[in-house]
1. Filter region 227-242 for residues that are part of a loop (DSSP other than H, G, I, E, B) and either modelled with pLDDT under 70 or within 33 Å of the chain's Cα centre (by Cα) (or both) and give the result.
2. Quick check, is GLU164 in a helix (DSSP H, G or I) and either at positive phi or free of Cβ contacts under 8 Å to residues at least 40 places away in the same chain (or both)?
3. Please name all residue pairs, on different chains or six or more residues apart, with Cβ atoms under 7 Å, provided the first residue is in region 37-51 and is within 20 Å of MET27 (Cα to Cα) and without any contact (Cβ under 8 Å) to a residue 60 or more places away in the chain and the second residue is part of a helix (DSSP H, G or I) and of a type in the set (Gly, Ala, Ser).
4. All but one of (1) open to solvent by 50 Å² or more (accessible area, probe 1.4 Å); (2) free of Cβ contacts under 8 Å to residues at least 40 places away in the same chain; (3) in a loop (DSSP other than H, G, I, E, B) hold for ASP104, so report the exception by its number.
5. Of all residues in region 12-51, how many are more than 14 Å from ASP97 (Cβ to Cβ), in contact with an Asp or Glu (Cβ under 9 Å, 6 or more places away or on another chain) and open to solvent by 30 Å² or more (accessible area, probe 1.4 Å)?
6. Which residues, counting only those in region 110-145, are over 30 Å from GLU40 (Cβ atoms), open to solvent by less than 30 Å² (accessible area, probe 1.4 Å) and in contact with a Lys or Arg (Cβ under 7 Å, 6 or more places away or on another chain)?
7. Under the condition of being in a loop (DSSP other than H, G, I, E, B) and closer than 24 Å to ALA152 by Cα, which residue from region 172-226 is farthest from the chain's Cα centre (by Cα)?
8. Can you tell me how many residues in region 1-57 are in a loop (DSSP other than H, G, I, E, B) and among the charged types (D, E, K, R)?
Amino acid sequence: MNASDVMTRNVLSVRPEATIAEAIRLMLDNRISGLPVLDETGRLVGILTEGDLLRRGETGTERHRPRWLEILMGPGRLAEEYVRTHGRRIAEVMTRDPVGVSPDTPLEEIVALMERHRIKRVPVLDGDVPVGILSRADLLRGALAEAPVAAASDEEIHERILAELARAAWVPRDGVAITVKNGVVDLNGVILDEKERVALRVAAENVPGVRAVQDHLVWVEPVSGTVIDAPTAAGVEKPARR
C-alpha cells in the first residue's frame, strides 16, 4: 500500500500569519492534532502540531533551567526558545521544513520515516503542494482495510504458507510439516522455541482461505531436552516429558 491509499484528503490548513489561538480553535473544533502551514501560493512552509504547543507561557509549562545551564546555552538559543513558548503567530511556533512524502511512497518507508524522526504525521505532497496528510490513525485505518477473501484450494493455501515462511528468518528449517485439508492447516513437528509456535500459527492464519489452524507442534527445550507437547484444545499444555 502507498500513501495515497490511506491518507486523509481535503486537509485543513492555516497561514503562517494566523494566530496560535485561531489554530488551537481549528484543531479543537475538528478534533485534529496537526495542521499544515501554507503560504499565499499554497506551498507548504511548515506544520503545527500539539507537540509544538506543549510548552507555553499561558499554561506555565515553559522550561526552567539552572542558571549555569542557561549560560552554557547562550542568549541566541534562549531567545529562540522564548519565542516558541510566548509567540502569538504560527510562523513563530511551527515546525519548519517538515518531512514530507509523495502519494506513491510505500507505507513501509513512511513508517520507517516516522520512527526515525519521531513524528506522528507526514504531509503528502505533489511537488510543494499538499494533497493530503498521513497520520498514525490513517495507518490504523489502513490495517482494517482487508482484501476480500478469495476461494483457494488446499494446494494454493499450502503454497502460500510455504512462500510466507520462506521469507522469514525465524522459521525452523527442519522438523516442521504443514498439511492442509478442506482449508484446515495442520502444524506438525518439532520447534526449539515456544515463540515459534505462535509465529507459525499467525503465518498460517494470515493466508486467505484458511478456515482453522490445528497445532500439533512439539517443543523440545534445547538446553534441558525437556519435551512439551502441543497445547490441548482447552489451551492447557500437557505435562512435560523427558
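The values are calculated or read from the model by the stated rules, or taken from the named source; none is laboratory data. Keep in mind the model is a prediction, meaning the values are calculated, not measured. Quick reminder, even Gly has a Cβ in these numbers, built from the backbone with ideal geometry, and neighbours come from all protein chains shown. The accessibility values were calculated without ligands, DNA or RNA, using every heavy atom of the protein model including side chains. Shrake-Rupley method; radii C 1.70, N 1.55, O 1.52, S 1.80 Å.
1. To start, the set of residues in region 227-242 that are part of a loop (DSSP other than H, G, I, E, B) comprises 229-230, 232-236, 238-240, 242.
The answer is ALA230, THR232, ALA233, ALA234, GLY235, VAL236, LYS238, PRO239, ALA240, ARG242.
2. On the way: in a helix (DSSP H, G or I): yes; either at positive phi or free of Cβ contacts under 8 Å to residues at least 40 places away in the same chain (or both): no.
In short, no.
3. Pairs found: LEU48/ALA23.
4. With respect to (1) open to solvent by 50 Å² or more (accessible area, probe 1.4 Å); (2) free of Cβ contacts under 8 Å to residues at least 40 places away in the same chain; (3) in a loop (DSSP other than H, G, I, E, B), ASP104 is out only on (2).
5. Result for region 12-51: 3.
6. none
7. Initially, region 172-226 is screened for residues in a loop (DSSP other than H, G, I, E, B), giving 172-175, 182-183, 192-193, 206-211, 221-226.
So of that shortlist, the ones also closer than 24 Å to ALA152 by Cα come out as 182-183, 206-211.
On the way: ASN182: 35, GLY183: 31, ASN206: 19, VAL207: 22, PRO208: 23, GLY209: 26, VAL210: 26, ARG211: 28 Å.
If we take residues in region 172-226 being in a loop (DSSP other than H, G, I, E, B) and closer than 24 Å to ALA152 by Cα, then ASN182 is farthest from the chain's Cα centre (by Cα).
8. Residues of region 1-57 in a loop (DSSP other than H, G, I, E, B): 1, 7, 9-13, 15-18, 31-33, 39-43, 54-56.
If we keep only those that are among the charged types (D, E, K, R) as well, we get 9, 15, 17, 31, 39-40, 43, 55-56.
Qualifying residue count for the region: 9.
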